[in-house]
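Student: Quick one: structure below, then a few questions.
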Amino acid sequence: MNDNEKLISEATKAASKAYAPYSKFHVGAAVLADNGNIYTGVNVENRSYGLTICAERNAITHAVAMGMKSIKAVAVYSPDSEDPLPPCGACRQVITEFAAPDAVVICCGSNGNAVEIPVQELYPMDSLHNLKKN
């Protein structure tokens, strides 16, 4: 099993632990850190929707809490979406904080379809990375 397959598998397992009593939309994410470790996260809803935590940000903060500072890849999966599930805008912003522009985001759907997108295409013209080049 390659790294991307492991990430998808871990994101799939994580989704079963999501706390989604309001939307019934369960999401799991898995982050591959530059040290080779995989960290997972799930969406955690709150009745005050703005306080809901997305799976991607949950996985990233889990990884950071464990000492990770750089992401090689992220997988996002929901059993409640047949189509590949991309990160929301807030998650894209947080991903760019820790991922190089060529890092991969794997968007997965419950029907087995997956799309791999480089961060630079998912979040073009990221000012943080553009400033690092200068």
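Student: From the residues in region 22-56 that are of a type in the set (S, T, N, Q) and over 11 Å from VAL74 (Cα atoms), which one is nearest to the chain's Cα centre (by Cα)?
Tutor: Step by step, filter region 22-56, then rank; the result is ASN43.
Student: Here's another thing I want to ask about it. Does TYR49 satisfy being at pLDDT 95 or above, among the aromatic types (Phe, Trp, Tyr) and farther than 22 Å from VAL115 by Cα?
Tutor: No, not satisfied.
Student: Which pairs turn up if I take residues in region 1-27 that are under 17 Å from SER81 (Cβ atoms) and touching a residue at least 60 places away in the same chain (Cβ under 8 Å) and look for partners that are part of a loop (DSSP other than H, G, I, E, B) and of a type in the set (A, V, I, L, M, F, W, C) with beta carbon separation below 7 Å, at least 6 apart in sequence or on another chain?
Tutor: ALA15/VAL27
Student: Now for a different question. Being part of a loop (DSSP other than H, G, I, E, B) and surrounded by 13 or more Cβ atoms within 10 Å (Cβ to Cβ) is the filter here; which residues of region 1-23 pass it?
Tutor: If the condition is that a residue be part of a loop (DSSP other than H, G, I, E, B) and surrounded by 13 or more Cβ atoms within 10 Å (Cβ to Cβ), then LYS17, ALA18, ALA20, SER23 are the ones that fit.
Student: Look through ILE71, ILE53, ILE60 and report the one residue that is closer than 16 Å to ALA20 by Cβ and either free of Cβ contacts under 8 Å to residues at least 60 places away in the same chain or basic (Lys, Arg) (or both).
Tutor: ILE53
Student: Conditions: (1) in a loop (DSSP other than H, G, I, E, B); (2) over 15 Å from the mean Cα position of the chain (by Cα). PRO84 meets all but one. Number of the miss?
Tutor: Checking PRO84 against (1) in a loop (DSSP other than H, G, I, E, B); (2) over 15 Å from the mean Cα position of the chain (by Cα), the one that fails is (2).
Student: Within region 32-62, work out how many residues are touching a helix residue (DSSP H, G or I) at 6+ places or on another chain (Cβ under 8 Å) and outside any loop (DSSP other than H, G, I, E, B).
Tutor: Residues in region 32-62 being touching a helix residue (DSSP H, G or I) at 6+ places or on another chain (Cβ under 8 Å) and outside any loop (DSSP other than H, G, I, E, B): 13 in total.
Student: Okay, moving on. Which condition number does ILE95 fail, the rest of (1) within 19 Å of GLU121 (Cα to Cα); (2) surrounded by fewer than 20 Cβ atoms within 10 Å (Cβ to Cβ); (3) among the β-branched types (Val, Ile, Thr) being met?
Tutor: Of (1) within 19 Å of GLU121 (Cα to Cα); (2) surrounded by fewer than 20 Cβ atoms within 10 Å (Cβ to Cβ); (3) among the β-branched types (Val, Ile, Thr), only one is false for ILE95: (2).
Student: Restricting attention to region 57-81, which residues are surrounded by 14 or more Cβ atoms within 10 Å (Cβ to Cβ) and more than 12 Å from the chain's Cα centre (by Cα)?
Tutor: Listed by number, the residues that qualify are VAL64, MET68, PRO79, ASP80, SER81.
The values are calculated or read from the model by the stated rules, or taken from the named source; none is laboratory data. Model, not experiment: these values are computed from the prediction. Backbone-built Cβ (ideal geometry, glycine too); neighbour counts: all protein chains shown.
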